Amino acid sequence: VFFVSSNPSLLRYARLDQIGLSYQAMSLDRSIQNISFIKKLPPTAGMGFALLRAATTNIEGKNEMNEYTETFSSQEIQAILSFGLALSNRLALGINIKMFYQNISSEFESTNNIGLDFGFLYKINRSLLLGGIYENINGGYNWKLDHANYEELFPKIVKIGLTYTGIKHITICFQEDMLISPSDYINYRSRLGLEYHFSKGIKLRGGMKFSNK
């Protein structure tokens, strides 16, 4: 259901209109919420909209004497408009248009920015599927504190993945991530996953992750 927040070219395979809801409660009064809507556009396209929110509450404020002042909360919201289209039986392309909003403190002001993601899917043969996405093009914040300005750019992320289904009841997935920081430092991360299909829609999944820090 959450095609919108992954590879937008997957929207080309949406069979029905769908709504997705997700809530994750974490330690230290943190939470993540996600809501998405997908609309099939016949014959070979789809569009979607999603809202992602990450928030923290009960943050104790202190002054220079380490005395309690007040309790703060903060949140960051990402709105995503997505579109996916099949150019042929083998190739599909997609785009995410993302707007970022933050509410950290009244002392910090930011100009909300718009970022882009571009994704693709290519069907090599009946058993092998290649996909990729380039995330956070132009994404970031322009901060303003008093009379000082500061630009914060998000790391750009390139993801390439393969899915193989040529073995009966087994799906093999591999993904390579390349994270490019604003200072051009590059970090690599690899993922390998296996899925075994039992009867009656039951699946067993496992995987490993390797990172280069």
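The values are calculated or read from the model by the stated rules, or taken from the named source; none is laboratory data. Just so we're clear, the structure is a prediction, and the values are computed from it rather than from any experiment. Here the Cβ is made from the backbone with ideal geometry for all residues, glycine too, and neighbour counts use every protein chain on show. Heavy atoms of the whole protein, side chains included, go into the accessibility calculation; ligands, DNA and RNA do not. Shrake-Rupley method; radii C 1.70, N 1.55, O 1.52, S 1.80 Å.
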Local net charge near Met26, Cβ-Cβ under 15 Å (Lys/Arg +1, Asp/Glu -1): 0
Among Lys200, Lys39, Lys144, residue whose mean-square fluctuation peaks in a GNM of the chain (springs only between Cα atoms under 10 Å): Lys200
Euclidean distance between Cα centres, segment 134-176 to segment 79-102, Å: 14
Separation of alpha-carbon centers, segment 1-70 and segment 182-213, rounded to whole Å: 21
Among Ser181, Ile167, Leu145 the positive-end extreme of the charge dipole of segment 124-213 (Cβ point charges): Ile167
Residue-normalised accessible area of segment 67-106, given per residue in Å² at a 1.4 Å probe: 58
Whole-number percent relative contact order across segment 17-135, with pairs defined as alpha carbons under 8 Å at least 6 apart: 16
Cross-link pairs beyond the 32 Å C-alpha cut-off, checked among Lys98/Lys168; Lys98/Lys144; Lys98/Lys209; Lys39/Lys156: Lys98/Lys168
Listed residues Phe49, Phe174, Phe83, most fluctuating in the chain (Gaussian network, C-alpha, under 10 Å): Phe174
Under 11 Å, Cβ to Cβ, from His197 - net charge with Lys/Arg +1 and Asp/Glu -1: +3
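Relative contact order, percent, of the chain when contacts are C-alpha pairs under 8 Å separated by at least 6 residues?
Result for the chain is 12 percent.
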The chain - charge dipole about Cα centre, Lys and Arg +1 at Cβ, Asp and Glu -1, debye rounded to 20: 1860
Candidate values (i) 21.7; (ii) 19.7; (iii) 18.5, label of the one derived for Kirkwood radius over Cα pairs in Å: (ii)
Around Pro42: net Lys/Arg minus Asp/Glu count, Cβ-Cβ under 13 Å: +3
Sites Ile180 and Glu76 - FRET efficiency at Förster radius 25 Å, r taken between beta-carbons, to 0.05: 0.75
Cβ-placed point charges (K, R +1; D, E -1), dipole of segment 34-132 about Cα centre in debye, nearest 20: 1220
Carbon + sulfur, % of accessible area of the chain - ligands and nucleic acids excluded, 1.4 Å: 59
